[in-house]
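Right, one structure below, let's go through it.
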Amino acid sequence: MTATRTGLAVKCCATLLAGGLLTTMSPTVAVAAPDYPTAEAGNPFVDGWYADPDIAVYDGAYWVFPTTSRPYDQQTHLDAFSSTDLVHWKKHSEVLTREDISWAERAMWAPAPIERDGRYYLYFAANDIQNDSQPGGIGVAVADRPEGPYEDALGRPLISRFHNGAQPIDQDVFIDDDGQAYMYYGGWGHANVVKLNPDMTSLGTFDDGSTYREITPADYVEGSQMFKRDGKYYLMWSEGGWTGPDYSVSYAISDSPTGPFEKIDKVLAQDPAVARGSGHNSVVNVPGTDIWYIFYHRRPLSETDGNHRQLAYDRMHFRPDGTIRRIEMKVRDNFADGNALGWKTYGGSWEATGGRYRAAPSSGGKALLDTDFTDFTQEADVTVSSRGGDAGLAFRVTRPAVGTDSYSGYYAGISPSGQVVLGRVNDSWTPLRTAGLRITPGSTHRLRVTAVGSSIKVYVDDMRRPRISVTDATYAGGANGVRVFGTGATFDNVAVSPAQ
């Protein structure tokens, strides 16, 4: 197979691996080409606590296999999620369990999926071994379908010992254009690469007769990931502590799948306004395009439990020289997936349906994202359903609770009574300014707030001229969300970004 500009060349009945994914195609299968700046329907993109996602493309569908993020003794099964559009995801529960693997007891980690010759392989680590005398390591399971059921291919680990100081965990599998398969793995600050034989269940040797080749780049901790683009080999890995905010992703580029790999840059790190502990990634290239996404886990700002990790993805862009731009964790939700994951409500009745977030009439119900922006632009499409009341954006919110004005922060809304309102809230309402605007019940308006320091500007429909502009330095930062007062409303296309 010939490498193309995107690193993907699709031929009849051909297979190709790029970045830990294996793409399988047939003459009649057309793979959708989602082109999004981020997870447009919101991160996390699936429900539940998960980590270490690896993604594959099988017959036009995207398959994500993550770690079940629980205490080690409860990490005894692996789930999977599939999607044809990276928006709507179907859960496949327990595609592999401890009962399927005779030697696995706990800590089933970091599944790595791949297909070869019509069989689906799932590599995983189990037992979190601390030395060579303990049973466990990296295993491989196999199935006839992406969703399983998967069975132990060997009845023992494929790698069960420490080599070059690398704990046998966090494996990623890559098949080069010449058909040679490689596995990259390692924890405890050491990374190895090994060759996989065509049977995908045994190890080959390098030209010098060795089996385990150390490729550890600077600052490596764990979470190896390999992909190829424009003839270059990209190794990504995680740095920092997995329970800490410093968990992050760096990368290197080489002309060879075995290195050398010299660190170029850190490309994904915590954003104190969005999420912490962002790491252990995988990469997917949309077949036939130069569209790339990074899939990873992160911890919500309000969560302190180390296992409270969620799955996210964002767009990945390359510079003309092939280096990767720093990845921005964007905040958006168009509710196209029919859920409101990542939102927390305080009073009122809320439902994501019909591609919108709907609030029943209430006296101050609000829904908030787990963000902490200071200077930002926040936008949403707002439709007020009643002739009275108002609905709009809450921002710089702290101390949220159920109640009409039970929070500290600001609120900007629109009302069919003919007003745009902006006020400050601290368990009571302090109006800051109003402006006249004709609004018909049931009509949709684009509402934007830009807050930079003490400057707050509110725009409605016309994004060139603010309807309201005030100076108020009472609250410097906090969560972003939406709110209703005395009316029902729908919200759509919510976005929050740092102020430019």
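Things worth noting here:
Residue by residue, here is whether (1) under 20 Å from THR211 (Cβ atoms); (2) charged (D, E, K, R) holds:
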residue: ASP117; (1), (2): no, yes
residue: TYR123; (1), (2): yes, no
residue: ASN127; (1), (2): no, no
residue: PRO135; (1), (2): no, no
residue: ILE138; (1), (2): yes, no
residue: ALA141; (1), (2): no, no
residue: ASP152; (1), (2): no, yes
residue: SER160; (1), (2): yes, no
residue: ASP172; (1), (2): yes, yes
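- Qualifying positions in the range 384-398 - outside any loop (DSSP other than H, G, I, E, B) and over 17 Å from LEU447 (Cα atoms): VAL397, THR398
- Looking at the range 399-440, the strands (runs of 3 or more DSSP E) lying wholly inside it that each contain 1 or more residues that are surrounded by fewer than 20 Cβ atoms within 10 Å (Cβ to Cβ) and touching a Ser or Thr at 6+ places or on another chain (Cβ under 6 Å) sit at 408-415, 419-426.
- Tally, over the range 202-247, of residues that are under 27 Å from ALA51 (Cα atoms) and either in contact with a Leu (Cβ under 6 Å, 6 or more places away or on another chain) or among the β-branched types (Val, Ile, Thr) (or both): 5
- Subset of the range 202-227 (residues that are within 16 Å of ALA112 (Cβ to Cβ) and either touching a helix residue (DSSP H, G or I) at 6+ places or on another chain (Cβ under 9 Å) or open to solvent by 20 Å² or more (accessible area, probe 1.4 Å) (or both)): LEU203, GLU222
- The set of residues in the range 316-348 being open to solvent by less than 40 Å² (accessible area, probe 1.4 Å), closer than 19 Å to LYS266 by Cβ and not aromatic (Phe, Trp, Tyr) consists of MET316, GLY322, THR323, ILE324, ILE327, MET329.
- When we screen SER454, SER386 for residues that are of a type in the set (Ser, Thr, Tyr) and within 24 Å of GLY338 (Cα to Cα), the only hit is SER386.
- Looking only at the range 59-77, residues that are within 18 Å of the chain's Cα centre (by Cα) and in a strand (DSSP E or B) come to 8 in all.
- Residue in the range 447-473 that is nearest to GLY418 (Cα to Cα), counting only those that are within 30 Å of the chain's Cα centre (by Cα) and surrounded by 15 or more Cβ atoms within 10 Å (Cβ to Cβ): LEU447
- Among the numbered conditions (1) modelled with pLDDT of 95 or more; (2) touching a Gly at 6+ places or on another chain (Cβ under 7 Å); (3) of a type in the set (Val, Ile, Thr), the only one that ILE456 does not meet is (2).
- From the list ASP255, ASP271, the lone residue that is surrounded by fewer than 15 Cβ atoms within 10 Å (Cβ to Cβ) and modelled with pLDDT of 95 or more is ASP255.
- Here GLN171 passes the criteria (1) open to solvent by 10 Å² or more (accessible area, probe 1.4 Å); (2) polar (S, T, N, Q); (3) closer than 22 Å to TRP63 by Cβ except the one numbered (1).
- Being within 22 Å of ARG116 (Cβ to Cβ), of a type in the set (Val, Ile, Thr) and at pLDDT 95 or above holds for only one residue in VAL57, VAL46, VAL87, VAL31, and it is VAL57.
- Among the residues of the range 352-387, those that are out of contact with any Gly (no Cβ under 7 Å at 6 or more places or on another chain) and either of a type in the set (Lys, Arg) or open to solvent by 20 Å² or more (accessible area, probe 1.4 Å) (or both) comprise GLY354, GLY355, ARG356, ARG358, THR377, GLU379, ASP381, ARG387.
- The number of residues in the range 176-191 being in a strand (DSSP E or B) and either within 24 Å of the chain's Cα centre (by Cα) or on the phi > 0 side of the Ramachandran plot (or both) comes to 4.
- Extreme residue, nearest to ALA359 (Cα to Cα), among residues of the range 455-497 that are assigned to a strand (DSSP E or B) and polar (S, T, N, Q): THR490
- Looking only at residues of the range 315-330 that are basic (Lys, Arg) and part of a loop (DSSP other than H, G, I, E, B), we find that the one that is nearest to the chain's Cα centre (by Cα) is LYS330.
- Considering only residues in the range 283-308 that are of a type in the set (A, V, I, L, M, F, W, C) and closer than 14 Å to MET236 by Cβ, the one that is surrounded by the most Cβ atoms within 10 Å (Cβ to Cβ) turns out to be PHE295.
- The set of residues in the range 240-252 being open to solvent by less than 10 Å² (accessible area, probe 1.4 Å) and over 14 Å from ILE324 (Cα atoms) consists of TYR247, SER248.
The values are calculated or read from the model by the stated rules, or taken from the named source; none is laboratory data. Given the structure is predicted, the values throughout are model-derived calculations rather than measurements. Here Cβ is always computed from backbone atoms with ideal geometry, including for glycine, and neighbour counts include all displayed protein chains. The protein model used for the area step is the full one, side chains on, heavy atoms only, and it has no ligands, DNA or RNA in it. Shrake-Rupley method; radii C 1.70, N 1.55, O 1.52, S 1.80 Å.
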